[in-house]
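The values are calculated or read from the model by the stated rules, or taken from the named source; none is laboratory data. Just so it is clear, the model here is predicted, and its values are computed rather than measured. Methodologically, a virtual Cβ is constructed for each residue, glycine included, from the backbone with ideal geometry; neighbour enumeration extends over all protein chains shown.
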């Protein structure tokens, strides 16, 4: 008896496609500085996110400077209780020793005098305690990308209250700025981010960054916040 022959279909090798690994988000390292433990606890809770990491907490100026040195944060958040002369001194010392570290002040409403001084010292953001969690986290991410974040409408109010410098420097700088640069500068003084300016003027983000860099160079300042301060002081946008 001849055994029944069975035809075997060729086996097909099934190769599952491996999913492309997602790029890991950049981790933003944050140092909290406030002499009130409850406020630090609240900030730590708000900053819980995959791309945000609180690398340390400090209650005093000396602790803060030590942790900036050892923990290498991207952003230092100064709680409102640290505002005042000691907080401004800490801000100035951080910017002198670690100019690439961004410093953000979280304060109560109505602290205009302190805010204007903080901006002059190189503060990268002024956020109110009333800001909700998602908005606060977004502000921190924007600051980590190099933006300056001020409460909506507050920046222009602060700047217009500053004493304006007049004279030959105003005329000189005004002539140096091109029409597009003046328009970009005007939007900077309104607190607009580079991305918002690009959308408003229908420029590419790269073009806006180029304009911002030229404005900074022509005004002889170190960042876009200082450019806005100087522009209003000199009355360049009138």
**Message:** Just to be sure I understand the filter: pairs with C-beta atoms under 6 Å, separated by 6 or more residues or on different chains, first member in the stretch 83-108 and farther than 20 Å from residue 29 by Cβ, second member at pLDDT 90 or above and buried (at least 19 other Cβ atoms within 10 Å of the Cβ). Which pairs pass?
**Reply:** 87/78
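Can you list the helices (runs of 4 or more DSSP H) found entirely within the stretch 1-116 that contain at least 2 residues being under 22 Å from the mean Cα position of the chain (by Cα), buried (at least 19 other Cβ atoms within 10 Å of the Cβ) and modelled with pLDDT of 95 or more?
Working: elements: 37-46, 61-71, 85-97.
Passing ranges, in order: 61-71.
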**Answer from 196, 175, 192 - the residue that is assigned to a helix (DSSP H, G or I) and modelled with pLDDT of 90 or more** = 196
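Using the structure shown, decide if residue 214 is at pLDDT below 80, touching a helix residue (DSSP H, G or I) at 6+ places or on another chain (Cβ under 8 Å) and either outside the structural domain of residue 107 (by TED's automatic domain parsing) or more than 29 Å from residue 76 (Cβ to Cβ) (or both). Show your work before the answer.
Details: at pLDDT below 80: no; touching a helix residue (DSSP H, G or I) at 6+ places or on another chain (Cβ under 8 Å): yes; either outside the structural domain of residue 107 (by TED's automatic domain parsing) or more than 29 Å from residue 76 (Cβ to Cβ) (or both): yes.
Criteria not met by residue 214.
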